[in-house]
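Notes for the one structure printed next.
The values are calculated or read from the model by the stated rules, or taken from the named source; none is laboratory data. Since we're looking at a predicted model, the values are computed, not measured. Cβ atoms come from the backbone with ideal geometry, glycine included; neighbour counts cover every protein chain shown. Remember, those area values only see protein heavy atoms, side chains included, never the ligands or the DNA or RNA. Shrake-Rupley method; radii C 1.70, N 1.55, O 1.52, S 1.80 Å.
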Amino acid sequence: MLPLRNAALWRTLSVLLLLIVLAAMLAPPGWFGSSADRLLQFTHADKLLHGAIFVVLAAWFAGLFERRRYLALAIWLTVFGVLVEGCQFLVDYRTADWLDIAANSLGILLGLSLALAGLGGWGRWFEDWYSRRTQH
């Protein structure tokens with residue numbers, strides 16, 4: 001992890017983010033309301049959603065870890081995505097799909113690409129900005 005002043009807070013927020021993602025991906029149909037259900041009726045909407053979620057996860061973690069850890073992040077996020085699909089397989093109201101894992105992986109690649117393009121390390125930037133803001 002980057003040398004962040006609030007490392008414990010970032011770790012806690014990271015665990016909460018992963019739990020929210022897991023809960024959302026295991027939520028029964030209708031949990032998000034009828035609008036969300038209608039959105040998922042569109043062709044490949046589920047795959048786009050999987051990809052977008054993993055872009056956010058990859059960008060989040062890339063903001064908290066050094067570049068040299070990005071390969072490990074990619075592996076761990078891929079494992080998380082596979083575990084989510086395994087959990088979806090275990091409930092009768094969700095379906096596990098290899099294409100979801102592919103969408104997750106593409107999202108991870110895109111998120112880490114954004115990090116390499118300049119978004120990485122945002123946690124340090126945020127803490128520096130917040131520290132300057134609260135000192136005035």
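Once you list every other residue whose beta carbon is under 10 Å from the beta carbon of Asp46, what net charge do they have if Lys and Arg are +1 and Asp and Glu are -1?
Result for the neighbourhood of Asp46: -1.
How far is it, in nm, from the label point at Arg68 to the one at Arg133 when both lie 7 Å from their Cα along the line to the Cβ?
3.1 nm
Report, to the nearest whole %, how much of the accessible area of the chain belongs to carbon and sulfur atoms, 1.4 Å probe, protein only.
Carbon and sulfur atoms account for 70 percent of the accessible area of the chain.
Place the peptides 95-105, 47-57, 20-30 in order of packing, highest mean first, counting for every residue the other Cβ atoms within 10 Å and averaging per peptide.
47-57, 95-105, 20-30
Taking the Cα of Val56, stepping 7 Å toward and past its beta carbon, and measuring to each backbone N in the range 90-124: which are under 15 Å?
104, 107-108, 111
From the phi of every residue in the range 82-96, what ³J(HN,Hα) in whole Hz does the Karplus formula 6.51 cos²θ - 1.76 cosθ + 1.60 yield, where θ is phi - 60° and glycine or proline is x?
Computed from phi, the couplings for the range 82-96 are 5, 5, 4, 5, x, 5, 5, 5, 7, 9, 7, 9, 10, 10, 7 Hz.
Per residue of the chain, what 222 nm ellipticity follows from adding -39500 (n - 2.57) for every DSSP H run with n ≥ 4, rounded to the nearest 500?
-23500 deg cm²/dmol
Quick one: accessible area per residue over the chain, 1.4 Å probe, rounded to a whole number of Å²?
Dividing the accessible area of the chain by its residue count gives 64 Å².
Out of residues 5 or more away from Glu66 or on other chains, whose amide H comes under 5 Å of its own, with H placed 1.01 Å from N in the peptide plane?
Leu2
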